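Before any comments, here is the structure.
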Amino acid sequence: MKIIAMYLPQFHRVKENDEWWGEGFTDWVTVKRATPLFEGHKQPKIPLDKNYYDLADIDTMRWQASLMRKYGVDGICMYHYWFKDGRQILERPAENLLNEKGLDMPFCFCWANETWARSWSNVPGKNVWADRNEEKGQPSKNDRGILLDQQYGLERQWKDHFDYLLPFFLDKRYICIDGKPVFVFYRSADIPCLPAMTEYWRELALEAGLPGLHLIGVWAENPSNKGLDAELCHEPLRTRISHGELYGKLYSDLNYNDFYKSLLAYETGNKSYYGGFVSYDDTPRRGKKGYIINGLSVEGFRENLSKLIAKNEAHGNELVFVNAWNEWGEGMYLEPDEEYGYSLLEALQIAKTNYSRYLNDYCSKGILDAIKDPALYKKDKPGHYLKLLDELITIRENGEGITDWLVDHEITKIGVYGYGVLGKHFVHCIDSERIEVVFISDINCDVRSPYRMCSMKDEFPQTDAVIVTATFYFDEIYWQLREKGEKRIVSLQQVIEEAYIW
């Protein structure tokens, strides 16, 4: 079994952080500024020997690699940031690692695909890096609070991204399953184009001489529908959601062992990697809106990790993802600190070599008897469509760019799948002089329309793309259209989200 630790590259200066949060900002600033919020609250967290390192220095990564080898951490899963039009940030540690071929630090990537935004921004699903460090005040009229916009584009943008990743995939240290590079999508449910993008990336991987890709999604219900190989149960976030809490409640009374008991009992019914975590306290970043899991002990971590490794082996997994190597701002780290020294690393080493005593427990439970928590995947169909309809109407009223988005992606002749309320508004929203609607297909082919109607049994006329307006079922519809031979299939959700101005 291989232990893969999540790895945060936010410990070196970049010009963007200097601009947004102040000169010299890294996550160490957040860590140092932390204060206890109640009696017994252990803050701030202090690295052993006050080692507030700089990840731009390759010697730091040599030191980390040496610790990993000594204590049985087999590699890292480094967060990777790739935004609209290929904009990057915090890429230097990964590129230093790639260039330093003698550095023994096996690695893979987790694409942290979230828009970076200010705490007051109304962008959904945003990543607010440093709300406690943010200057309070009134934003300017034209300031939407977006720092880095997460958009995906189509084939041209996907290829640019893949071409950047390819040298990493080809590196002999890159972590693979059956020779296939491992790549994790952090918010897989938020990528409307995921089935098409993963299919395209797999084709590019074969062209590059790779045997394929091993693609994993966090929150990936039915991974195969999204073009994924597996799901990652990313902890402690998954179990927090199952407990009905995200942010806004100080969980100082939530017990560490009880939390692990819950996550160890969880089954998905999919091919899944069951993740674990060291500890959790994100109050350095969130303040009183933070979340704390109390009760970490070296013994508790060792035994819980032993059980987690056994569970993964019982499910046929080669990897165990542990959160994290160095998430100091969230209290999740294996690196030595002044409180525990090296004892958590020592506990990991023991767990890795002594987990077999728990193996029979998980093999005997019947791993196919899933106890999937429906709350995790609860979907609000009416809410989904109302949100998109509201955004589409706003785009139309403001004269913003649905047509421009299509033209920018070389889509001028379209088919439309789905002619309900959202589909009809979409057709009326586009500029008919620039975009030709060649046909419409709907489950109800008797629907009245001025356009040519096609059933799924008909041969579709040639178009630049089929736009799927039945976005709630996009994953399933995508594969049905692929079976019909359609090559370019685009979710209207992606078009709206990337054309909408928040």
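The values are calculated or read from the model by the stated rules, or taken from the named source; none is laboratory data. Because the structure is a prediction, the values reported are computed rather than measured. Here the Cβ positions follow ideal geometry from the backbone for every residue, glycine too, while neighbour counts run over all protein chains shown. Accessible surface is based on the protein model in full, side chains and every heavy atom, while ligands, DNA and RNA are left aside. Shrake-Rupley method; radii C 1.70, N 1.55, O 1.52, S 1.80 Å.
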Considering only the stretch 393-502, give the helices (runs of 4 or more DSSP H) lying wholly within it that have at least 2 residues that are under 20 Å from residue 151 (Cα atoms) and either touching a Leu at 6+ places or on another chain (Cβ under 9 Å) or open to solvent by 20 Å² or more (accessible area, probe 1.4 Å) (or both). 402-408, 474-483, 492-499
Tell me the strands (runs of 3 or more DSSP E) entirely within the stretch 197-301 that contain at least 2 residues that are of a type in the set (D, E, K, R), open to solvent by less than 40 Å² (accessible area, probe 1.4 Å) and at pLDDT below 90. none
Here are some residues: 439, 426. Which one is under 32 Å from the mean Cα position of the chain (by Cα) and over 21 Å from residue 155 (Cα atoms)? 426
With respect to residue 58, determine if the residue is more than 24 Å from residue 276 (Cβ to Cβ) and at pLDDT 95 or above. yes
Spot the failing condition for residue 77; the list is (1) in contact with a Cys (Cβ under 7 Å, 6 or more places away or on another chain); (2) more than 19 Å from residue 323 (Cα to Cα); (3) of a type outside the set (Gly, Ala, Ser), and only one is missed. (2)
If we keep just the residues of the stretch 162-184 that are touching a helix residue (DSSP H, G or I) at 6+ places or on another chain (Cβ under 7 Å) and not charged (D, E, K, R), which is most open to solvent (accessible area, probe 1.4 Å)? 167
Among (1) in a helix (DSSP H, G or I); (2) of a type in the set (Val, Ile, Thr); (3) out of contact with any Gly (no Cβ under 6 Å at 6 or more places or on another chain), there is one condition residue 35 misses while meeting the rest; what is its number? (1)
Index of the failed condition, residue 44 passing every other in (1) modelled with pLDDT of 95 or more; (2) assigned to a loop (DSSP other than H, G, I, E, B); (3) open to solvent by less than 40 Å² (accessible area, probe 1.4 Å): (3)
Go through (1) within 24 Å of the chain's Cα centre (by Cα); (2) surrounded by 15 or more Cβ atoms within 10 Å (Cβ to Cβ); (3) not small (Gly, Ala, Ser) one by one and return the number of the condition residue 124 breaks. (2)
Could you tell me how many of the residues in the stretch 19-41 are open to solvent by 70 Å² or more (accessible area, probe 1.4 Å) and either closer than 19 Å to residue 133 by Cβ or under 25 Å from the mean Cα position of the chain (by Cα) (or both)? 5
Quick check on the stretch 378-392: of everything there that is open to solvent by 80 Å² or more (accessible area, probe 1.4 Å) and in contact (Cβ under 8 Å) with a residue 60 or more places away in the chain, which residue is farthest from residue 451 (Cα to Cα)? 379
